[in-house]
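Working notes, structure below.
The values are calculated or read from the model by the stated rules, or taken from the named source; none is laboratory data. Everything numeric here is computed off the predicted structure, so don't read it as measured data. Positions of Cβ are generated from backbone atoms using ideal geometry, with glycine treated the same way; all protein chains shown enter the neighbour counts.
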Amino acid sequence: RPDAIVATGRSDYPNQVNNVLGFPYLFRGALDIHARAINDEMKIACARALADLAREEVPDEVALAYGTQLSFGRDYIIPTPFDPRLIYRIPPAVARAGMDTGAARRPIVDMDGYELSLKTRMDPTASILRGINARARSAQARIIFAEGDDERVLRAAVLYQRQGFGKSIVVGRESDVRQRLEAAGLGDAAGELEVVNAANTEHLEDYKNYLYQRLQRKGFDTTDVHRLAARDRHVFGSLMLAHGHGDGLVTGVTRKSAHVLELISHVYDVGPHDGAVGVTAILSKGKIILIADTLVHEWPNENDLADIAERGASVARALGLEPRVAFVSFSTFGYPISERAEKMRIAPDVLQKRGVDFEFEGEMAVDVALNVNEMKKYPFSRLSGPANVLVVPARHSASISVKLMQEMGGATVIGPILTGIDKPIQICSTVSSVNDILNMAAIAACNIR
């Protein structure tokens, strides 16, 4: 019937009835009141809380995850599993019902305080990753994995396809890929992956002609171009993407990122003055911070820093964050005075003149940017809360910050996310795990750039 309203357990239809909408939060409320049992009234309270939530305006991060603005109606009668409000709306409703019916052995006295405590338990990093994964599954992008001779890359390619994100295209020799998959215990996946190389593609001449047009006035002859297009997997993968033979590219696992960026620059404009910026997401202790530029600009000037801030803010919004940008330095609002910190002081003025639509401030030390108590010492600051985008003075300081957080702080690192270019290309680090590579593939699939 055309007027039917349908709910189902399937994720590829509207109104998915997913058990994660109920049981984690139903048990949360029951456990927090030390309930003797979970009675019908508590279950009904859970259902009514879900029904009420579906009638409210949907948060931006949920809309981003599904690629559309949801509103109550025939295709949205129940909240989505990615709704961050579930944890602080359902447990209090269940707890109240348990207390009203005498099931609670330890009633909650301060219900407002209880709701606040539930909000603080939310892990925004997990929410963001779930949102990225949902968007990737919706996009069903064809991702090119350029380094088919690396076991981690092959594992990520298999996972990308088997977890329903889309199609994996691996650059490599078919025999090598099959051998490595078998060695990894994934021999059955050999027939699932599309394996492409210069020897088995019908597009090599087109790739070479395209590349020659870009490089003929940069000292490259036809022999050089053939060598790049036919023998270098990073260039070959970039050419595939440029010709629409894939929707995104993931590379960088086997070579230093600076070298990979140089190879990609043969096909795309990714130089310091081409608008390209590397933004790295740091996920730690329930918080997410973006650091830029971690890839392109070696020593940016104040105008470059303003560009970097804009690209960082764009990535923040693509991840469902409201950007708050801090230009960080060892100097805070002019003290101590240093010529090295001057550009960090001027860059916010450049943004001010551009009339950007996000919060920014600087120059400031990292603790002032991130610590609420330190921020209170500077009530004139334009930031309404802790910064979530840090623009650093140079690439070396960005690299040091990211790797220190990763190695000493145990942070999860996603990136650098290459932004500001025509196609979604993501460059992993040489220490990337299979999960890291899979995350980068999902980001490429979401077209975050």
- Message: Pull out all pairs, ordered by first then second residue, where Cβ-Cβ is under 7 Å, the residues are six or more apart or on different chains, the first lies in region 379-408 and is farther than 19 Å from residue 356 by Cα, and the second is assigned to a loop (DSSP other than H, G, I, E, B) and of a type in the set (Asp, Glu).
- Response: 394/298; 395/293; 395/298; 398/293
- Take the residues in region 335-377 that are modelled with pLDDT under 90 and small (Gly, Ala, Ser), then tell me which one is farthest from residue 387 (Cα to Cα). 338
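Here are some residues: 437, 417, 421, 427. Which one is among the β-branched types (Val, Ile, Thr) and more than 21 Å from residue 272 (Cα to Cα)? Working first, answer last.
Details: 417 fails: more than 21 Å from residue 272 (Cα to Cα); 421 fails: more than 21 Å from residue 272 (Cα to Cα); 427 fails: more than 21 Å from residue 272 (Cα to Cα).
Just one listed residue meets the conditions, 437.
Go through 110, 83, 100 for me and flag whichever is in contact with an Asp or Glu (Cβ under 9 Å, 6 or more places away or on another chain) and more than 20 Å from residue 20 (Cβ to Cβ).
Values: 110 fails: in contact with an Asp or Glu (Cβ under 9 Å, 6 or more places away or on another chain); 83 fails: more than 20 Å from residue 20 (Cβ to Cβ).
Being in contact with an Asp or Glu (Cβ under 9 Å, 6 or more places away or on another chain) and more than 20 Å from residue 20 (Cβ to Cβ) holds for just one of 110, 83, 100, which is 100.
Only one of these is of a type in the set (Gly, Ala, Ser), farther than 21 Å from residue 425 by Cα and out of contact with any strand residue (DSSP E or B) (no Cβ under 6 Å at 6 or more places or on another chain): 138, 175. Name it.
Working: 138 fails: farther than 21 Å from residue 425 by Cα.
Being of a type in the set (Gly, Ala, Ser), farther than 21 Å from residue 425 by Cα and out of contact with any strand residue (DSSP E or B) (no Cβ under 6 Å at 6 or more places or on another chain) holds for just one of 138, 175, which is 175.
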- Message: For region 93-176, give me every one of the helices (runs of 4 or more DSSP H) that falls completely inside it and has 2 or more residues that are surrounded by fewer than 18 Cβ atoms within 10 Å (Cβ to Cβ) and among the hydrophobic types (A, V, I, L, M, F, W, C).
- Response: 111-120
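Looking at this structure, is residue 437 in contact with a Cys (Cβ under 6 Å, 6 or more places away or on another chain), buried (at least 19 other Cβ atoms within 10 Å of the Cβ) and either touching a residue at least 40 places away in the same chain (Cβ under 8 Å) or in a loop (DSSP other than H, G, I, E, B) (or both)?
Working: in contact with a Cys (Cβ under 6 Å, 6 or more places away or on another chain): yes; buried (at least 19 other Cβ atoms within 10 Å of the Cβ): yes; either touching a residue at least 40 places away in the same chain (Cβ under 8 Å) or in a loop (DSSP other than H, G, I, E, B) (or both): yes.
Criteria met by residue 437.
Each row is one residue, and each column tells you yes or no for (1) at negative phi; (2) part of a loop (DSSP other than H, G, I, E, B); (3) among the β-branched types (Val, Ile, Thr).
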| site | (1), (2), (3) |
| --- | --- |
| 10 | yes, yes, no |
| 28 | yes, no, no |
| 37 | yes, yes, no |
| 80 | yes, yes, yes |
| 89 | yes, no, no |
- (1) closer than 17 Å to residue 328 by Cβ; (2) assigned to a helix (DSSP H, G or I); (3) out of contact with any Phe, Trp or Tyr (no Cβ under 9 Å at 6 or more places or on another chain) all hold for residue 407 apart from (1)
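Would you mind stating whether residue 246 is outside any helix (DSSP H, G or I) and either surrounded by fewer than 20 Cβ atoms within 10 Å (Cβ to Cβ) or among the charged types (D, E, K, R) (or both)?
On the way: outside any helix (DSSP H, G or I): yes; either surrounded by fewer than 20 Cβ atoms within 10 Å (Cβ to Cβ) or among the charged types (D, E, K, R) (or both): no.
So residue 246 fails the test.
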- Message: If a residue must be surrounded by 12 or more Cβ atoms within 10 Å (Cβ to Cβ), assigned to a helix (DSSP H, G or I) and among the aliphatic types (A, V, I, L, M), how many such residues does region 351-401 contain?
- Response: 8
